[in-house]
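The values are calculated or read from the model by the stated rules, or taken from the named source; none is laboratory data. As the structure is a computational prediction, the values presented were derived from the model and not from experiment. Cβ placement follows ideal geometry from the backbone for every residue including glycine, while neighbour counts extend to all protein chains displayed. Accessible surface areas use protein heavy atoms only, side chains included; no ligands, DNA or RNA. Shrake-Rupley method; radii C 1.70, N 1.55, O 1.52, S 1.80 Å.
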Amino acid sequence: MNLILLGAPGAGKGTQAEVISEALNIPQISTGNILREAVKNGTEYGLKAKEAMDSGALVSDEIVIGILKDRIACDDCKDGFILDGFPRTVPQAEALDAMGVTIDKVVEIFVPDETIKQRVSGRRVCGGCGATYHVEFKPSKVEGKCDKCGADTIIRKDDQPETVLERLDVYHKQTAPLKEYYSKQGKLETVIGQDEVAETSKLTLKAVGA
Ligand code: ADP
Ligand code: ZN
C-alpha cells in the first residue's frame, strides 16, 4: 500500500506517519528528515536546501523529487511506503504520477492554524536520529533526551514563531491545492487532529483500514 500524509507544519503528520508505518510495517519516508540529514552532513544538496528550510520556504521541486525517486527505489519500499512531507506542491504530485507510482490513499491531518501556532512552540526533534517529540503532547521519557538513541533533543530553527507563520502561508498557497488534486481522484481522507495523539492515531488507522 502506497500512502501519502498531508497536513500543515505541526499538524502531527510525522507522528501519524510513524503510527501507520508500525501498524502496516511499511517504511515512513520523511523528506524533511532526509533533508535535515543532508544539511547536517553538508552534502551538496544539503547546502542548497538549508537556506530555504531555515526561512520556512520550500526546497526546490528538482531536489526533493530527486531525493524521493532514489528513496522509493530502495528495496524496503517494494511492498509499499508512507510519504510524510511529499508531495508538497502540485508539480511534485505530477512527478509521482509520471514515475508510475500508484497512490492508494491520501490522509490529511487537519488542525486549525491557531492550534498549530500554539503547538509548534513545544516541538522538539532529536539531533541524532530525527525522532520527533512534543514537551506536552509527546514528551520523551527523559526530558531533553531521545528515547530511541539517547541524543539531545533540540528546537528546530524553522520552529521559531515567525518562521512558523511563513510555513503556514506556504502550506496554504502551495500544498493545500493537493487536497483538490487527490479528492478529484477519490483518494483523499480527512482526519481531524485531536488534542490527544492516541485519539488521532485511532482515526488515522481507521482511515487507512489498519
Ligand atoms: P513539517 O513536518 O513541520 O511540515 P518537514 O520536516 O516535513 O516539516 O519539512 C521541513 C522543511 O523541509 C520544509 O519547511 C521545507 O523547507 C523542506 N521540505 C520537506 N519536504 C519538502 C518537499 N516535499 N518539498 C519542498 N520542501 C520540502
Ligand atoms: Zn534519537
Net charge contributed by nearby residues that have their C-beta within less than 10 Å of Pro139 (K/R +1, D/E -1): 0
Starting from the 7 Å offset along Cα-to-Cβ, what nm value, one decimal, do you get for the label separation of Leu205 and Phe110? 2.3
At 1.4 Å probe size, with no ligands or nucleic acids counted, give the accessible surface of Ile109 in Å², nearest ten. 0
Could you state the accessible area per residue of the chain in Å², with a 1.4 Å probe and every protein chain left in place? 50
Mind listing the long-range amide H neighbours of Arg156? Cut-off is under 5 Å, sequence gap 5 or more, other chains count too, H placed in the peptide plane at 1.01 Å from N. Val125
Global geometry of the chain, whether rounded, prolate or oblate, following the gyration tensor of its Cα atoms and the 1.5 cut on a/c: rounded
Let me check something: with ligands and nucleic acids excluded, how do Arg88, Arg123 order by accessible area (1.4 Å probe), largest to smallest? Arg88, Arg123
From phi via Karplus (6.51, -1.76, 1.60), per-residue ³J(HN,Hα) for the stretch 93-110 in Hz, x at Gly/Pro: 5, 5, 5, 4, 4, 5, 6, x, 7, 8, 9, 7, 7, 10, 9, 9, 9, 9
Please report, in debye to the nearest 20, how large the charge dipole of the stretch 1-104 is about its Cα centre when each Lys and Arg carries +1 at its beta carbon and each Asp and Glu carries -1 there. 240
Extension reserve of the Asp147-Lys173 stretch, reckoned as 0.36 nm per residue once the Cα distance is removed: 5.8 nm
Report the residue, chosen from Ala49, Ala98, Ala57, that carries the largest GNM mean-square fluctuation when the chain is represented by alpha-carbon nodes joined by springs under 10 Å. Ala98
Under 8 Å for C-alpha pairs, at least 6 residues apart: give me the relative contact order for the chain, rounded to a whole percent. 30
The ³J(HN,Hα) series, computed from each phi in the stretch 113-119 with the Karplus coefficients 6.51, -1.76 and 1.60 at θ = phi - 60°, rounded to the nearest Hz and given as x for glycine or proline, is 3, 4, 5, 4, 4, 5, 5
Cα lying deepest toward the dipole's positive end in the chain, options Leu6, Thr31, Ile20, charges on Cβ: Ile20
Ignoring any ligand, DNA or RNA, what whole percent of the accessible area of the chain comes from carbon and sulfur when the probe is 1.4 angstrom? 52
Past 29 Å, Cα to Cα: identify those pairs from Lys141/Lys179; Lys50/Lys179; Lys148/Lys187; Lys138/Lys206; Lys157/Lys187, in the order given. Lys141/Lys179; Lys148/Lys187; Lys157/Lys187
Classify the stretch 134-201: rounded, prolate or oblate, from the alpha-carbon gyration tensor (a ≥ b ≥ c, eigenvalue square roots; a/c under 1.5 rounded; otherwise prolate if a/b is larger than b/c)? oblate
